[in-house]
Amino acid sequence: SMLRRLQKLGIDKSDPSQLTPPERSRFARLDIDPASVTWRRVMDTNDRYLREIETGLGPEEKGRTHRTGFDITVTSEIMAILALTTSLADMRERLGAMVIGTNHQGEAITSEDLGVAGALTVLMKDAIKPNLMQTLEGTPALVHAGPFANIAHGQSSILADRIALKLVGPDGYVITESGFGADIGMEKFFDIKCRYSGLIPSVVVMVATVRALKMHGGGPRVVAGKPLASEYTDENLTLLQAGLPNMERHIKNALKYGVNVVVAVNSFARDTPAEVELVRKAALAAGAMDA
């Protein structure tokens, strides 16, 4: 870490006795501006009251107060790094590049500057391994990283994809998840994850539901704990038709990446055959390869 910091500062020396007093000061004094610290704490419990907090109120902190807060773990930069990393060495480099704030000259201060990137990597050395689980149908599933594409990049890990592709062989197939819909997760998958991994998907599987499309068509609000409105429990082709442009736009967005699209209608007991068929025909008309 010390040699990396010297290199970052442009000091081409490795013998401490050769450092001039100004070089020693630059090397040893981070000069962090407390008001610039952007690094926030994380936890798995969703508590809105802890999103904004003030620290340094205890007697030992000597009045060094600071406004900060908690994020949920799956949206942290470390989670994003875990999903995009390709090896332990790659993760070590990424963790070291995380910016925690700036100094009084406006220069970025990283976890490498703090000398903690190695310790961070040790803490994460087991987390880099994907978890092997299975679906209710008994098919294997690798669960790894946090799919929250509304506030992070929202992808399952590159490592899990590579392991899965190796295990299924050249004739097998792997489905990988992008969180938070085709409008956020899918585009971040292509724009961020595919560029890092070098993997190119053969097909986009776009999941649609009759109920969601009815909501996009102007259907009544769905409130947790309240019975569904009749628009959602009874056949309503007019309302469904009004919501189809939402799915059609997502299909067109996916096709812009040059990848085939298959629409999967996640059908519920109260969906009628006519409603499912209307979605299927609209998907094909919008350019889907199949539905």
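Can you check what the net charge comes to around Leu88, using other residues whose Cβ is under 15 Å from the Cβ of Leu88 (Lys, Arg +1; Asp, Glu -1)? Could the numbers behind the result be given before it?
Working: positive: Arg92, Arg94, Lys125, Lys129, Arg162; negative: Asp90, Glu93, Asp126.
Taking every Cβ under 15 Å from that of Leu88, the sum is +2.
Placing a label point 7 Å from the Cα of Asn46 along the Cα-to-Cβ direction, the residues of the range 120-162 whose backbone N falls under 20 Å from that point are 144-156. Which percent of the accessible heavy-atom area of the chain goes to carbon and sulfur, probe 1.4 angstrom? Accessible surface attributable to carbon and sulfur in the chain totals 56 percent. Amide H contacts of Ala141: Met133, Gln134, Thr135, each under 5 Å away and 5 or more positions distant or on a separate chain (H built 1.01 Å from N in the peptide plane; Pro and chain starts excluded).
Report the net charge of residues surrounding Pro273, where surrounding means a beta-carbon distance below 15 angstrom and charges are Lys +1, Arg +1, Asp -1, Glu -1. Let's see the in-between values first.
Working: positive: Arg270, Arg280, Lys281; negative: Asp234, Glu235, Asp271, Glu275, Glu277.
It works out to a net charge of -2.
Classify the range 1-81: rounded, prolate or oblate, from the alpha-carbon gyration tensor (a ≥ b ≥ c, eigenvalue square roots; a/c under 1.5 rounded; otherwise prolate if a/b is larger than b/c)? Since a/c reaches 1.5 but b/c is at least a/b, the shape of the range 1-81 is classed as oblate.
Just the number, please: percent antiparallel of the DSSP beta bridges in the range 131-286, rounded to the nearest 5.
45 percent
Looking at the chain as a GNM with Cα springs under 10 Å, which of Asp71, Asp113, Asp171 has the largest mean-square fluctuation? Result: Asp171 has the largest fluctuation of those listed.
Annotation: the antiparallel percentage among DSSP beta bridges lying fully within the chain is about 55.
Placing unit charges on each Cβ (+1 for Lys and Arg, -1 for Asp and Glu) gives the chain a dipole about its Cα centre, and among Phe70, Asn46, Leu240 the Cα reaching farthest toward its positive end belongs to Phe70.
For the range 31-124, what is the percent of antiparallel DSSP beta bridges, rounded to the nearest 5?
Working: 7 of 10 bridges.
Approximately 70 percent, going by the DSSP bridge assignments.
Based on protein heavy atoms only, the chain ends up with 61 Å² per residue of surface accessible to a 1.4 Å probe.
An oblate overall shape is assigned to the range 31-124, the ratio a/c of its alpha-carbon gyration tensor axes (a ≥ b ≥ c) being 1.5 or greater and a/b not exceeding b/c.
Across the range 101-112, rounded Karplus estimates of 3J(HN,Hα) from the backbone phi angles (6.51 cos²θ - 1.76 cosθ + 1.60, θ = phi - 60°) give x, 10, 8, 5, 8, x, 8, 5, 10, 10, 5, 5 Hz, Gly and Pro being marked x. Note on Ser14 and Thr233: the model spin-label points, each 7 Å out from Cα along the C-beta direction, lie 7.5 nm apart.
Secondary-structure-derived ellipticity at 222 nm for the chain, considering helices only, amounts to -9500 deg cm²/dmol, per-run term -39500 (n - 2.57) for DSSP H runs with n ≥ 4. Database remark: amide H of Val265 closer than 5 angstrom to the amide H of Ala208 (H placed geometrically; neighbours at sequence offset of 5 or more, or on other chains; Pro and chain starts carry no H). Around the amide H of Ile100, modelled in the peptide plane, lie the amide H atoms of Ile109, Thr110, Ser111, all under 5 Å away and 5 or more residues distant in sequence or on another chain.
The values are calculated or read from the model by the stated rules, or taken from the named source; none is laboratory data. Keep in mind the model is a prediction, meaning the values are calculated, not measured. Positions of Cβ are backbone-derived with ideal geometry, glycine not excepted, and every protein chain shown enters the neighbour counts. Note: areas computed on protein heavy atoms with side chains; ligands, DNA, RNA excluded. Shrake-Rupley method; radii C 1.70, N 1.55, O 1.52, S 1.80 Å.
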